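Participant: The following block contains the structure, expressed as structure tokens.
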Amino acid sequence: MKRGITYVIGHKNPDTDSVCSAIAYARLRALQGLANVEPARAGDLNRQTEFVLDTLEVPRPKLLLDVYPRVRDVIRDEVVTIAGNAPLSEALGLFHAHNIRLLPVIDDDRRPLGLLVLKKVSEKFLVPSREAEIRRVTTSPDSIRQCLKATAVHLVDEGKVEDLDLYVGAMATATFRDKVAPLDARRIVLITGDRESIQRVGVDAGVRVLVVTGSLPIADDIIETGRKNGVTILSTPFDTATSTWLTRLSTPVSCLIGKDFPCVGLADRLDDLRLKLLHSSDPGAVVLDNEGRVAAVATKSTLLTPSPIKLVLVDHNELSQAVPGADKVEISEVVDHHRLGNFHTDQPIRFINQPLGSTCTVVAGLYRQAGITPDAATAGLMLSGLLSDTVILRSPTTTVLDRDFAAWLAELSGLDPQEYGRRLFASGSALRSYPSLRHLLLADFKEYQAGARGFGVGQVEVVSFHEFHAMKEDLAAELAKLKEERNLDTAGLLVTDIVQETSLLLALGGKEFPYVVGYPQLEENLYELKGVLSRKKQLVPHLLRVLEA
């Protein structure tokens with residue numbers, strides 16, 4: 001089981017408030033004693049956030065493309081394996097010593113040959129139904145030698161694996177001679193003690209293997225006859241009964257496995273493992289590393305092992321906005337300032353949601369509440385997120401507490417809110433500086449549900465609409481592609497001029513959209529939103545009402 005880790009992470013297409021609150025809150029929880037907590041992000045950083053982290057000399061948080069539980073997260077590090085040429089007796093010893101039911105069978109390069117299942121082996125060897133099945137053993141002279149800890153007096157084709165029949169020379173010589181006379185001697189493994197007459201019958205007939213038990217002496221003439229007739233002769237310290245039992249367990253394990261067995265990779269999702277186990281007769285699967293070598297065994301009980309990853313969600317509380325796979329791991333906390341979405345958990349969690357201008361304001365309040373003063377860089381992070389989300393305290397989402405904490409954080413960080421805020425927005429205001437139109441649209445894009453209708457809105461801040469007007473046709477074409485790809489009823493981009501404190505909405509919806517949106521239409525797909533600065537407080541609530549209606 002891997003060591004647990006808690007990631008503090010914001011929404012997909014993270015903005016400055018999302019990233020800065022994640023870093024600041026992870027630092028707070030670490031100071032409060034939460035072990036192994038790290039900030040993370042669920043997407044690429046926008047240019048404004050990069051400016052903040054570079055200015056404050058704060059490392060970029062880890063990028064998590066998803067948090068789906070993976071096989072590597074829940075398997076044990078140690079794995080017991082067995083070589084393909086090892087006898088079954090060795091496998092049974094491993095089953096017992098390690099209290100396991102499955103053994104990966106490997107070649108010399110640790111690549112899988114198959115999966116040995118204790119239950120299937122037991123059924124084959126411990127519950128035979130016919131005498132022929134009791135006698136038959138698939139083995140080689142060398143495998144018998146290994147099982148019996150025997151000394152090889154003479155070996156013939158010792159590595160050749162064959163179907164042989166097991167006989168014990170415990171009857172009268174004449175009776176035994178009559179018994180084996182009609183048989184194919186080259187299929188016989190003869191086990192006997194110091195019965196020279198029985199031994200001679202065996203070597204005269206040319207049996208495949210003669211095993212003499214108890215480390216008893218073997219006459220020279222018997223050895224010589226055996227050599228001439230191609231008989232493998234072994235001397236074992238075990239008694240006849242033990243030798244007979246062990247010889248039945250001398251089958252190389254490579255002979256007991258099927259060619260088809262379930263395999264998964266370390267990076268495969270647990271859901272993939274679940275499907276394979278549900279559709280397989282085997283109780284487990286072999287886990288392979290990146291080079292195709294055996295790394296572990298996964299069973300159905302592996303599926304019950306909790307993921308070591310826990311999440312603290314900041315700046316969102318809807319799974320549609322969360323990092324993919326968030327619904328498959330434990331969410332232990334939420335710190336947010338948005339409306340409540342479709343979020344639920346199996347157990348009670350810490351849920352903090354306040355109607356403030358930014359999540360960074362909420363986190364700053366938690367620092368003050370805990371009696372912990374953030375260092376200058378952390379205070380600068382929270383001030384950055386606060387100024388970004390409140391448009392330098394001009395947005396209608398700005399509260400008295402936002403202003404109070406902005407002054408507190410400014411003092412701790414040594415940054416002037418107005419001067420720093422202007423530099424902050426200037427760093428991300430050039431539309432053509434984005435790598436592509438798609439990056440521009442997705443830099444701060446969020447999806448919502450209005451009844452049965454899905455819609456998504458991105459937002460960018462500019463200091464003039466001039467550049468946007470030159471790009472709006474290309475942006476509309478890219479927005480149409482995004483709308484179709486994500487199966488949205490409406491897709492839009494809110495372009496906010498922070499100098500004039502007004503916005504334009506480029507939006508593509510259904511035929512009825514221009515009539516229900518309620519904003520003045522300047523031209524096709526373009527609407528004027530005077531005085532609108534906040535997507536969260538002004539635009540999204542309005543769209544939820546009109547689209548649901």
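Values quoted throughout were computed directly from the atomic coordinates according to the rules given, and no laboratory measurement underlies them. For clarity, every value in this text was computed on a predicted model and none was experimentally measured. FYI the Cβ positions are ideal-geometry reconstructions off the backbone, even for glycines, and counts take in every protein chain you see.
Participant: Going by the alpha-carbon gyration tensor, a ≥ b ≥ c the square roots of its eigenvalues, is segment 202-251 rounded (a/c under 1.5) or, if a/c is not under 1.5, prolate (a/b greater than b/c) versus oblate?
Facilitator: Oblate is the answer for segment 202-251, as a/c is 1.5 or above yet b/c matches or exceeds a/b.
Participant: Right, here's the next one. Where does each of ARG248, ARG72 land when they are ranked from fewest to most other beta-carbon atoms within 10 angstrom?
Facilitator: Numbers: ARG248 21, ARG72 17.
With the fewest neighbours first, ARG248, ARG72 line up as ARG72, ARG248.
Participant: Only loop residues by DSSP count here, and only those with at most 11 other Cβ atoms within 10 Å; note down the trypsin sites (Lys or Arg not before Pro) in segment 496-549 that meet that.
Facilitator: When the trypsin sites (Lys or Arg not before Pro) of segment 496-549 are filtered for loop state and at most 11 Cβ neighbours within 10 Å, LYS511, LYS530 remain.
Participant: Quick one: if you take sqrt(5λ) for each eigenvalue of the C-alpha gyration tensor of segment 431-548, what semi-axes come out, biggest first, whole angstrom?
Facilitator: In descending order, the three semi-axes are 20, 17, 13 Å.
Participant: log10 I(q)/I(0), Debye, Cα-only the chain, no solvent, q = 0.07 Å⁻¹?
Facilitator: -0.59
Participant: Pull up the cross-link candidates among the lysines for LYS530, meaning alpha carbon to alpha carbon under 23 Å and not fewer than 8 places away within one chain.
Facilitator: Cα-Cα hits under 23 Å: LYS446, LYS472.
Participant: Same structure again: Distance check, please: which entries in LYS328/LYS481; LYS179/LYS228; LYS62/LYS481; LYS124/LYS300; LYS276/LYS483 exceed 27 angstrom between their Cα atoms?
Facilitator: Distance filter (> 27 Å) returns LYS328/LYS481; LYS62/LYS481; LYS276/LYS483.
Participant: How would you rank CYS263, CYS360, CYS147, going from fewest to most other Cβ atoms within 10 Å of each one's own Cβ?
Facilitator: Exposure proxy ranking, most exposed first: CYS263, CYS147, CYS360.
Participant: OK, next. Rg and Dmax of segment 64-172 over Cα atoms: what are they, in angstrom?
Facilitator: Over segment 64-172's Cα set, Rg and Dmax evaluate to 18.7, 77 Å.
Participant: Continuing with the same structure: Among residues other than HIS96 whose Cβ falls under 15 Å from its Cβ, what is the net charge (Lys/Arg +1, Asp/Glu -1)? Walk me through the numbers on the way to the answer.
Facilitator: Values: positive: ARG101, LYS119; negative: GLU90.
Local charge sum for HIS96: +1.
Participant: Output the relative contact order of segment 156-298, whole-number percent, from Cα pairs under 8 angstrom with separation of 6+ residues.
Facilitator: Reported as a whole number, the value is 16 percent.
Participant: Here is a further query. Take the Cα radius of gyration of segment 25-83 and divide it by 2.2 N^0.38 Å, with N its residue count; two decimals is plenty.
Facilitator: Output field value: 1.69.
Participant: Could I ask something else about it? Taking the Cα centre of the chain as the origin and placing charges on Cβ (Lys, Arg +1; Asp, Glu -1), which of THR236, VAL121, THR502 is farthest toward the positive end of the dipole?
Facilitator: Checked the options; the winner is THR236.
Participant: Where both partners of a DSSP beta bridge lie in the chain, what percent of those bridges are antiparallel, to the nearest 5? Intermediate results must be reported in sequence, preceding the final value.
Facilitator: Values: 38 of 83 bridges.
Counting only bridges with both partners in the chain, antiparallel ones make up about 45 percent.
Participant: What translational D, rounded to a whole number of µm²/s, comes out for segment 19-119 from Stokes-Einstein when the hydrodynamic radius is the Kirkwood one over Cα pairs, at 4 °C and 1.567 mPa s?
Facilitator: Estimated via Stokes-Einstein, D reaches 71 µm²/s.
Participant: 222 nm [θ] for the chain, helices only, -39500 (n - 2.57) per DSSP H run of 4+, per residue, to 500?
Facilitator: The per-residue figure over the chain is -10500 deg cm²/dmol.
Participant: Once you have a ≥ b ≥ c as the square roots of the Cα gyration tensor eigenvalues for segment 389-476, tell me rounded if a/c is under 1.5, and otherwise prolate or oblate according to whether a/b is larger than b/c. Walk me through the numbers on the way to the answer.
Facilitator: Working: a/c = 2.76, a/b = 1.46, b/c = 1.88.
Verdict is oblate for segment 389-476.
Participant: From the P(r) of segment 83-256, could you give the percentage of C-alpha pairs in the tail past 30 Å?
Facilitator: It works out to 19 percent of all Cα pairs.
Participant: Please compute the Kirkwood hydrodynamic radius of segment 193-308 from all pairs of different C-alpha atoms, in Å with one decimal.
Facilitator: On the way: mean 1/r = 0.0545 Å⁻¹.
Roughly 18.4 Å, rounded to one decimal.
Participant: Filter LYS119/LYS259; LYS119/LYS310; LYS120/LYS149 down to the pairs with a C-alpha to C-alpha distance above 28 Å, please.
Facilitator: Flagged as over cut-off: LYS119/LYS310.
Participant: Quick one: putting +1 on the C-beta of Lys and Arg, -1 on the C-beta of Asp and Glu, what dipole do you get for the chain around its Cα centre, in Debye to the nearest 20?
Facilitator: So the dipole magnitude of the chain works out to roughly 1240 debye.
Participant: Sticking with this structure for a sec: Using Cβ contacts closer than 10 Å as the measure, can you line up ASP220, ASP178 from fewest to most?
Facilitator: ASP220, ASP178
Participant: Treating cross-link reach as a plain straight distance, find the aspartates and glutamates whose alpha-carbon is under 18 Å from the alpha-carbon of LYS511, omitting any fewer than eight places away in the same chain.
Facilitator: GLU484, ASP489, GLU523, GLU524, GLU548
Participant: Okay, next question. Using Cα atoms only, what is the angle between the long axis of helix 466-485 and the major principal axis of the chain, expressed in degrees (0 to 90) to the nearest 10?
Facilitator: Once rounded, the angle reads 40 degrees.
Participant: Next question, about the same structure. Summing Lys, Arg as +1 and Asp, Glu as -1, what charge do residues with Cβ under 12 Å from the Cβ of LEU28 carry, LEU28 excluded?
Facilitator: +1
Participant: While we're on this one: Could you compute Rg(Cα) / (2.2 N^0.38 Å) for segment 140-212, with N its residue count?
Facilitator: Taking the Cα Rg and dividing by 2.2 N^0.38 Å, one obtains 1.05.
Participant: Cβ under 13 Å from ASP17's Cβ, ASP17 left aside: what net charge do those residues give with Lys, Arg +1 and Asp, Glu -1?
Facilitator: Working: positive: ARG41, LYS446, ARG535, LYS536; negative: ASP15, ASP315, ASP336, ASP389, ASP402, ASP444, GLU461.
Net of charged neighbours comes to -3.
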